[in-house]
Amino acid sequence: CALPISTAIHRLQQNYTNNGSQTTLSCYCKLAERSIAYLTVVDNTGSSKYAWFNLSSGTILTVNSGLTATIASVGNGWYRCTVSCIPTGVYTIGQHIFYSASADGSSTRVSGATYIVDCAQLEVGAFATSIIPTTSASVTRAADNASMTGTNFSSWYNQSEGTIYGEFMAAQNTSGRFVDIGTSSTIRLMDIYPSGSQVAMYKSSDAASFNANGFVQGSINKVSGSYKTDDYA
């Protein structure tokens, strides 16, 4: 939706009960008439936290204490903006509000200035996950797990040699695999996953592993590894 921002409040609101768990609000935003957007999280006591984003340069501006924020380009002028916090106490109303600001750190709303918002999502957790379609009730997501099996895989896979290439963005260090070739969860030819400040590639047939330094959370990382009989690099 395109939000016609005036000096009045324009908001999307979700009522829910939070027991103090970390909560993350995310949305996709695109520049229209105004480059500075700010997102707020408000509880039912009126306590608010704010983060400002520049939709022209794709950068994070001022972020209130107790709130973390990220912005990531997804192409064609769209950015996914997120704010995350651990709320104080238990509250039952969570408002996520989108304003156009007159300047970084300003709470002055700009009459007539708009930007475009899509796929707003509020979820428990320290970072935003992929979009979870909902209607009138909350939904517990299944794990994101895309796989290729059978002839879809065997029609191009070369058992004797090949290269695995992975391009991914991860919000945190994890042992979860982004690229994985194997016959089961414990028998793998090779897989790729972020670990600490590195991207690890693991070859389970002889328990060998090697690492690429420089894994960056929240940024696009690219890594590849090659294999052939009795060799890898």
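No value in this document is a laboratory result; all are computed from the given coordinates. Note that this is a predicted model, so its numbers are computed, not measured. Quick reminder, even Gly has a Cβ in these numbers, built from the backbone with ideal geometry, and neighbours come from all protein chains shown.
For this structure, a couple of remarks:
- Ranked by the mean number of other Cβ atoms within 10 Å of their residues, highest first, the peptides 160-169, 120-129 come out as 120-129, 160-169.
- Between Ile86 and Asp118, the distance separating the two model label sites (each 7 Å from Cα on the Cα→Cβ line) works out to 3.5 nm.
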